[in-house]
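Written out below as structure tokens is the structure these notes cover.
The values are calculated or read from the model by the stated rules, or taken from the named source; none is laboratory data. No experiment lies behind these values; they were computed from the predicted model shown. Virtual Cβ from ideal backbone geometry, glycine too; neighbours counted across all protein chains shown.
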Amino acid sequence: MIPIKGESMHIFYPLTAVLLWSINTVVSKLAAGSIQPGEIGFLRWVVAGALLTPFLLRGVIGNWRHIRPQLPRIVVLGLLGMVIYQTLAYYAAGFTTATHMGIILCLSPLMVLAIAVTRLGQPLTMGGAVGSLVALVGVVLVVTNGDPGVLLQQGFNRGDLLMLVAALAYACYNILLKRWHMPQIPTFQLLYLQMLVAIVALLPLYALTSRTGIHLANAPLVAYAGTMASIAAPALWMLGVARLDPSRSIVFFNLTPLFTAIVAWLWLNEQLHSYHWIGGALTIAGVVLAERWKAPVRAARAPASHCAQRP
């Protein structure tokens, strides 16, 4: 991977990861209904694990003395980021609308910011506070097609609850990924180990749910999900979280609806409307504010004693 120098260039990692995940959303639309949620949720990690095993297994075995003490943390990370977050999002789609899913998932940056400030003692900046809210307004405009009132009309259901849990799981994943810094485990080894956790954890679900099998219509979906969305994007995201504060890196997650709309416009010829541009501009403005406006809202406080201790 090409090294990026300078702190300002570290935004390349989460930015590219979000773009790859946005493309994956469009790819998923192209094969909608051709593969079961539990099936793709399992197969994507099998594909990714199979591709990385020839390159990483020997290194993992050789680095086992450093990996073994960290196994409990690796299992937690794998369950939060690869299993709970991904699987709940797949199943929530059966109970709620894409509008609600998009908005609730984009609450993750606010959740990360709240946890980092209240539990870890990270100072709250004006850019982080104002930028996150401005970006959220932009996200709401994009995913509601310029009509936020649709949220009240559609109401809330158990799918929304599943998405709230998924968003919270992903927020916790990003916080712990930064806090549980494991410098003796290279990024790709850590990603590979989380994939193995996901494969083991999702195997019972795959075995017990109905399956359609791989065919010409869904093979590209599985291939992209198992490579770019499961290897490249998570690796870039982990590099970004390692180099930036979690609350800084995850704010780029707000760009997902905008990137998805642009990719769909370029690839599927879906029309872009004024609310896409307005919401996109607000989202980008929120990200820029979070990155550039560093004035503290209040003086930083020391982390709570129970948070400072490593479990």
Next item on the list: Spot the failing condition for W267; the list is (1) surrounded by fewer than 21 Cβ atoms within 10 Å (Cβ to Cβ); (2) under 14 Å from the mean Cα position of the chain (by Cα); (3) closer than 24 Å to G138 by Cα, and only one is missed.
Entry: (2)
Checklist line | Count of residues meeting criterion [surrounded by 14 or more Cβ atoms within 10 Å (Cβ to Cβ) and either in contact with a Pro (Cβ under 8 Å, 6 or more places away or on another chain) or more than 16 Å from L57 (Cβ to Cβ) (or both)] in region 195-204 | finding: 3
Notebook entry, point to check: Out of (1) closer than 21 Å to A167 by Cα; (2) loosely packed, with under 14 Cβ neighbours inside 10 Å, what's the single condition that is false for S274?
Noted result: (1)
Next item on the list: Restricting attention to region 138-167, report how many residues are over 19 Å from the mean Cα position of the chain (by Cα) and within 13 Å of G279 (Cα to Cα).
Entry: 6
Check: Which residue pairs have Cβ atoms under 6 Å apart, sit 6 or more places apart or on different chains, and have a first residue in region 67-92 that is among the aromatic types (F, W, Y) and a second that is crowded, with 21+ Cβ neighbours inside 10 Å?
Finding: Y85/A166; Y85/A169; Y85/Y170; Y90/G41
Check: Can L176 be described as closer than 18 Å to S249 by Cβ and within 20 Å of the chain's Cα centre (by Cα)?
Finding: yes
Item checked: Criterion violated by G146 - all others in (1) modelled with pLDDT under 75; (2) surrounded by fewer than 17 Cβ atoms within 10 Å (Cβ to Cβ) satisfied -> (1)
Checklist line | Residues satisfying the stated conditions in region 22-39, i.e. part of a helix (DSSP H, G or I) and either modelled with pLDDT under 80 or in contact with a helix residue (DSSP H, G or I) (Cβ under 6 Å, 6 or more places away or on another chain) (or both) | finding: S22, I23, N24, T25, V26, V27, S28, K29, L30, P37, G38
